[in-house]
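Okay, so here's the structure we're looking at.
Please treat every number below as a calculation from the coordinates, not as lab data. This one's a predicted model, so the numbers in the text were calculated from it and none came from an experiment. Backbone-built Cβ (ideal geometry, glycine too); neighbour counts: all protein chains shown.
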Amino acid sequence: MGEIEAQRPGRRLRTLVFVTAAMAMVAGLSAAAPGALSASSDCDPAGTARPRTSPEVSGLWVMNADGSQERRLTDGKGWGSAAWSPDGQWLASWNQPVNVPSTLEITAADGSDHHSHDLTGIPSYEAADDITWTADGTKVLFDAMRDDANRQLFDRYEVSADGTRRRRLLEGLDTADPAVSPDGTRIASMSLADGQIHVMNTDGSGRRRLTNTPTRNYTPSWSPDGSRIVFSGDPGGTTQLTATRVEVINEDGSGRRVNSAQDERFLANPVWSPDGRWVVFDNYPHEDWGWLTVARADGSDVHDLTGELGSPVVHEAAWSPDSTTIAYTEGTGIAVVRTDGTGRACLTSMGMAHGPVWSPDGTKIAFFRS
């Protein structure tokens, strides 16, 4: 198996309890507060409910980093994750049409070529999630979740970029939220058995537990040098949905420390910046609204990037390759903001956009409409 490319898609609320919480939040979006984005943008749901995106515009899209030249690359209902090839020429994504088998889509970034790979035969509930490319750009890897005797298990598959070969690499993993190390040799994930962060080699060997707390820990993310892991959780909490801390731990399990802690908040999906200096995470003071917060890797200089009381739900933060800008989903659109909180703007021009992913050179952003 080749090394897995370090470029990771923008993380979303993947753990099932996080998905449940997020859907409740989206269902209860309230009017935007003063200072929110313009009401003419899709990033602001103030006033009227927006209609569901029509089949004519749903699918995988790409635009320039300034929001110009939006264009649709695939049709269908995409959700989950997309990933750029290391050379920025291709995008891999998951398509989930209604009442037909899911497909893995390999699409040229300029729209000139397209391959659709039928995933029939993979026993999955959420096929083709957590998509990554091998470093040489010849293969795509993804996880498929399946039910086995009332347990949720994950299998990892490898598909050649031209669609000629598919094989299963790992079988029956009781983990969620997998994050591949920058060198492609290790996977950090949350164990569904004990709710703790585990690390293993990419072939499934050498598995070990890093955390040991009374409640669950979620959504690990590797530092760019592969020496540390950031995650969200609550060591003193009493419920599985509690996540009031963002913590950092060394890859060997030592040096655990709190990066950010906010009581009565739901902190989720921390992500390292590519330069290793910052961590951004979702911050939900209330189930109906939230914002992005950023902190330095050592826990200093904690500040909110987006949001006022009553602002829309924000999530799916994705760093630009130069670590200066964060793209994210706000309400029903894609927005960007700089690390210092300036330059906040909505990029998309029509509804139900989500899941931004930067191209390797930082000039384009891919996203879904569904």
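Measuring r between the beta carbons of residue 342 and residue 185 and using R0 = 30 Å, the FRET efficiency lands at 0.20. Computed extension length for residue 277-residue 201: 24.8 nm, one decimal, from 0.36 nm per residue of separation with the Cα-Cα distance subtracted. If you bin the C-alpha pair distances of the range 139-193 every 10 Å from 0, what whole percents do you get? Taking all Cα pairs of the range 139-193, the binned fractions are 23, 49, 25, 3 percent.
For residue 164 and residue 361, what does the FRET efficiency come to when R0 = 22 Å and r is the distance between their Cβ atoms, rounded to the nearest 0.05? Don't jump to the answer; show the numbers that get you there.
Numbers: r = 28 Å, r/R0 = 1.29.
Efficiency for this residue pair is about 0.20.
Compare the peptides 107-113, 271-277 by average per-residue count of other Cβ atoms within 10 angstrom and give them in order, highest first.
Details: 107-113: 13.9, 271-277: 18.9.
Ranking, from highest mean packing down: 271-277, 107-113.
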